[in-house]
Each structure stands twice: as structure tokens, then as C-alpha cells.
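Notes follow once the structure below has been shown.
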Amino acid sequence: MKQAEAAATAGGNNAPAGAGSSADWVLAEKFEELTGVTPMAIHNRRRTGVWLDGKHCAVVARRLYVNIKEADQWIQSQISPRRPA
């Protein structure tokens with residue numbers, strides 16, 4: 001019962017500790033629904049050091065989470081500036 005109450009107060013968000021009450025962190029599967037980026041692509045970005053654990057993503061209780069805000073900032077940094085035609 002205590003776990004159910006804790007989940008209800010946290011909005012059912014099993015985000016990593018320190019993530020706050022906002023929905024900054026989502027499971028990799030939900031991130032895929034939102035963006036089309038697969039969990040395997042996230043793992044590859046972690047493995048190659050493109051995304052950093054604790055900043056862009058985190059593994060808690062063997063579940064992979066993605067920080068939506070940090071991932072969005074990373075995507076923005078990858079967009080090349082437009083060149084005049």
C-alpha cells in the first residue's frame with residue numbers, strides 16, 4: 001500500500017532520484033513514441049559517449065530513462081545553421 005501511495009503522489013513517474021516532480025525523465029519506450037528514436041539508438045549513443053549517463057539518460061532498476069530537455073538540447077546542437085542559397 002505504501003508503494004501505491006508513493007506512486008500516486010509522484011504521478012506514477014518512476015524517474016531517477018533528483019529528477020523533480022516534472023516529467024523531464026521518461027522511459028526509453030515513451031521517448032521512442034514521442035520522437036521515433038529507438039531504445040537501441042539511445043544505447044548506442046550512451047555506448048559511444050554521445051549521450052552521458054546522468055545528463056541525457058539514466059539507468060534505474062534496469063530501466064532506461066531519457067531526459068527530454070537534455071535530449072532536445074542535444075538535438076538542437078546537431079542542427080546545422082541554414083546557409084543562404
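Coordinate-derived values only; no laboratory data. Computed from a prediction, not measured in an experiment: that's the story for all the values here.
Below, the figures for the structure above:
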read-out	value
Nonlocal amide H pairs with Trp25, under 5 Å, H built at 1.01 Å	Ile68
Cut-off under 5 Å, modelled amide H: who pairs with Cys57 long-range	Leu52, Asn67
Rg/Rh (Cα only; Kirkwood hydrodynamic radius) as it applies to segment 21-78	0.92
